[in-house]
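Visitor: The structure under discussion is supplied below as structure tokens; questions concerning it will follow.
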Amino acid sequence: MKPEIPIWEKSNLTIEEAAVYFNIGASTLRRLAAREDCPYVLWVGSKCLIKRVCFEEYLQKAFSI
């Protein structure tokens, strides 16, 4: 059995985990992640992961998304 790591301890989150963690809709996250210049996205094959700390920094500077 694989140990469950709490979301707040993960460095990279799936779209679904990030939606729960940041209280932002999954479709909004997908739209943001689709941008070419997105510094907080890590693509593993076709799987999109959100770099938690980088996205937190992005949100700190953002006025709206």
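Visitor: Restricting to the range 30-46, give me the number of residues that are more than 19 Å from E9 (Cα to Cα) and in contact with a strand residue (DSSP E or B) (Cβ under 7 Å, 6 or more places away or on another chain).
Guide: 1
Visitor: Of all residues in the range 1-46, how many are in a loop (DSSP other than H, G, I, E, B), hydrophobic (A, V, I, L, M, F, W, C) and surrounded by 10 or more Cβ atoms within 10 Å (Cβ to Cβ)?
Guide: Looking only at that region, the number is 3.
Visitor: Any residue in the range 1-29 that's without any contact (Cβ under 8 Å) to a residue 12 or more places away in the chain: show its pairings with residues that are in a loop (DSSP other than H, G, I, E, B) and surrounded by fewer than 13 Cβ atoms within 10 Å (Cβ to Cβ) at Cβ separation under 7 Å, as long as the two are six or more apart or on different chains.
Guide: Partner pairs satisfying both residue conditions: A19/G25.
Visitor: Read through the list (1) in contact with a strand residue (DSSP E or B) (Cβ under 7 Å, 6 or more places away or on another chain); (2) of a type outside the set (S, T, Y); (3) in a helix (DSSP H, G or I), then give the number of the only condition that L49 fails.
Guide: Unmet for L49, out of (1) in contact with a strand residue (DSSP E or B) (Cβ under 7 Å, 6 or more places away or on another chain); (2) of a type outside the set (S, T, Y); (3) in a helix (DSSP H, G or I): (3).
Values in this text are rule-based calculations from the coordinates and carry no lab data. Small disclaimer: the values here were computed from a predicted structure and weren't measured. Here the Cβ is made from the backbone with ideal geometry for all residues, glycine too, and neighbour counts use every protein chain on show.
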